[in-house]
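Student: Sharing a structure with you now.
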Amino acid sequence: MFQLLAETATQVPTQGTHPLVVGLAIFVLAVFVGFEIITKIPPTLHTPLMSGSNAISGVTLVGAVLASGAEQTDLATMLGLLAVIMATVNVVGGFLVTHRMLQKFRR
Amino acid sequence: MNQNLIDLAYLAAAVFFILGLKGMTKPKTAVRGNLFGAIGMLIAVLVTLFAQGVVGYGVILTGVVIGSAIGVYIALNVKMEQMPEMVALLNGLGGAASFLVAGAEFWRASSAQGVDAIAATGLSGLIGAVTLSGSLIAFAKLAEFKFMKKVKPLPSQQVINACLALFILLLLFTLVARPAQFTYWFLVLSSFALGAFLTISIGGADMPVVIALLNSYSGLAAAATGFVLNNSVLIIAGSLVGASGLILTKVMCDAMNRSLPAVLFGTLGPTADGPSADEVYKSVKSTSADEVAMLLEVATRVVIVPGYGMAVAQAQHAVRDLTNLLKSKGIEVEFGIHPVAGRMPGHMNVLLAEADIPYDLLKEMDEINSTMEQTDVCLVIGANDTVNPDARTNPSSPIAGMPIINADKARTCIVIKRSLSPGFAGIPNPLFANQNSLMLFADGKQAVADIITALKEG
């Protein structure tokens, strides 16, 4: 374990911030933004919120595009293709069904 | 495309996601909010297509076309009653996509990845696989597949789960210490088993909590994948969803007076040897549709408390007709919506909105409870545990302390129910035998239709 930590430490560039730290900062701040906004959403809209935020979590599609679009045509591409299909179902299905549901709340 | 430009575009996408969620705070702006979310996604995906190293457009296009076709088909054909199943399924797909992406990245660049990226890969595999299998089990339970009735947790399931969880942690450390393809996929497989085991032992009444929690996991899996790829938009969107799911999980737990560990590990509240059903139901009075119509005729304020039973009986459209009829007679009608009415957070609101019942008539539990004493008739349709006064008055009841809708405080309470059978909590409900309660034993849809006929004749 200590060895691991030491390894991590040696990877840190001597100047500038380690990408992991930047990522963690973004993560923590986004969680706070999430908490602030979501607590204001009325229970009436909790189901559309879930399907809508679910569609947003399909953002992993971005990763899937990167994984399947790279040059090799090996297992990584196949995994990427599978991920693109699943993430697209999540994104398209999620936003569309949320839209359908919210139409009913317009009146 | 310049990496800085790509990152700026990702930032724009993240802003759209946040604006989209903000739009959800009001029904009037919610449609626009959802559109903002979709725009954010479009920006993120289009920009990624121009990123360096993306050359296999054929593969991507194939995947997007197949995925879109499936997505559009299910989104347009799912019934509003089936929303919990749909959300469970989508959660699972999101989790699966995340661990596949992490796996693909690991396959491609295992030697070049730093310790932090490999740790994130492991976490993505763990959370993603738990989300997938948990969601599939939740889906099967919600869809009431017959074979799910035969699937029972193993004896000493808790011990097995704990051992499995420890084993997975060990795999995670092994993966970081000695990155190997086998270790990653073995970790995914073990996590898949853990997710299934954890969800199998969770009861039907706790499903709203499970769906909310899996929603949170699907976001966290995306965030973990963001750490693998060092991709800001994945981290931001993933953590927003993670936070959202966590809040809904807490709302659901509070509404059932259950702690999250109690839901996850299937421990029940204080088990009381309460009075038997026969004892409680000694003085139950039953009534007829005609009598209910007469009571409604002279009322000035009516509160309707729907439960999942109403949706099962497909009574929401009849309830809308009754609401309109009562309002045309100058009677004030409002709905009291318990947070766990339905099978996922906010489900009842969607079902009522689908039947064209205006959402401003739908009141939250606290709001409706403050007006219950001024209510002439409270009509309970297909609800049981959420109106059980034992939660308020009997400290040894399994549901003691659970917030309920105070249907018993209305001047007259009419309960439409097929029989005196218990709800999810499996306990008798003293409300049914209350002095001011009347039972209308019938199918929800038929009963409401009969009341409407009686009102029109009378």
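Student: In the range B:406-419, what residues are assigned to a loop (DSSP other than H, G, I, E, B) and surrounded by fewer than 19 Cβ atoms within 10 Å (Cβ to Cβ)?
Tutor: Answer for the range B:406-419, where residues must be assigned to a loop (DSSP other than H, G, I, E, B) and surrounded by fewer than 19 Cβ atoms within 10 Å (Cβ to Cβ): B:Arg411, B:Arg418, B:Ser419.
Student: Condition first: open to solvent by 20 Å² or more (accessible area, probe 1.4 Å), part of a helix (DSSP H, G or I) and closer than 19 Å to B:Ser216 by Cα. Can you find one or more residues in the range B:142-152 that meet it?
Tutor: No, the range B:142-152 contains no residue that is open to solvent by 20 Å² or more (accessible area, probe 1.4 Å), part of a helix (DSSP H, G or I) and closer than 19 Å to B:Ser216 by Cα.
Student: Note down all Cβ pairs under 9 Å where the first residue falls in the range B:73-84 and is among the polar types (S, T, N, Q), the second is surrounded by 18 or more Cβ atoms within 10 Å (Cβ to Cβ) and modelled with pLDDT under 95, and they're at least six residues apart or on different chains.
Tutor: If the second residue must be surrounded by 18 or more Cβ atoms within 10 Å (Cβ to Cβ) and modelled with pLDDT under 95, the pairs left are B:Gln82/B:Leu142.
Student: Among the residues of the range B:238-256 satisfying the criterion of being of a type in the set (Ser, Thr, Tyr) and buried (at least 24 other Cβ atoms within 10 Å of the Cβ), which is nearest to B:Ala391 (Cα to Cα)?
Tutor: B:Ser244
Student: Then there's this: So is B:Leu93 facing another protein chain (nearest Cβ under 9 Å) and either of a type in the set (Phe, Trp, Tyr) or within 20 Å of B:Gly195 (Cβ to Cβ) (or both) or not?
Tutor: Considered against the rule, which asks whether it is facing another protein chain (nearest Cβ under 9 Å) and either of a type in the set (Phe, Trp, Tyr) or within 20 Å of B:Gly195 (Cβ to Cβ) (or both), B:Leu93 comes out as yes.
Student: Could you check B:Ser259 against (1) buried (at least 24 other Cβ atoms within 10 Å of the Cβ); (2) in contact with a Cys (Cβ under 8 Å, 6 or more places away or on another chain) and say which number it fails?
Tutor: That leaves (1) as the condition not met.
Student: Restricting attention to the range B:171-187, does a residue exist that is in the same structural domain as B:Gln113 (by TED's automatic domain parsing), touching a Ser or Thr at 6+ places or on another chain (Cβ under 8 Å) and within 18 Å of B:Leu89 (Cα to Cα)?
Tutor: Within the range B:171-187 (the criterion being in the same structural domain as B:Gln113 (by TED's automatic domain parsing), touching a Ser or Thr at 6+ places or on another chain (Cβ under 8 Å) and within 18 Å of B:Leu89 (Cα to Cα)), the answer is no, since none of the residues qualifies.
Student: Which of the numbered conditions does B:Ile357 fail, given that it passes all the others? Conditions: (1) modelled with pLDDT of 90 or more; (2) crowded, with 23+ Cβ neighbours inside 10 Å; (3) more than 14 Å from chain A (Cβ to nearest Cβ).
Tutor: Only one criterion is unmet by B:Ile357, namely (3).
Student: State whether the residues of the range B:449-457 include one that is in contact (Cβ under 8 Å) with a residue 12 or more places away in the chain and crowded, with 24+ Cβ neighbours inside 10 Å.
Tutor: yes
The values are calculated or read from the model by the stated rules, or taken from the named source; none is laboratory data. In this text the structure is predicted, and so the values were computed from the model without any measurement. Here the Cβ is made from the backbone with ideal geometry for all residues, glycine too, and neighbour counts use every protein chain on show. The area values use the complete protein model at the heavy-atom level, side chains included, leaving out ligands, DNA and RNA. Shrake-Rupley method; radii C 1.70, N 1.55, O 1.52, S 1.80 Å.
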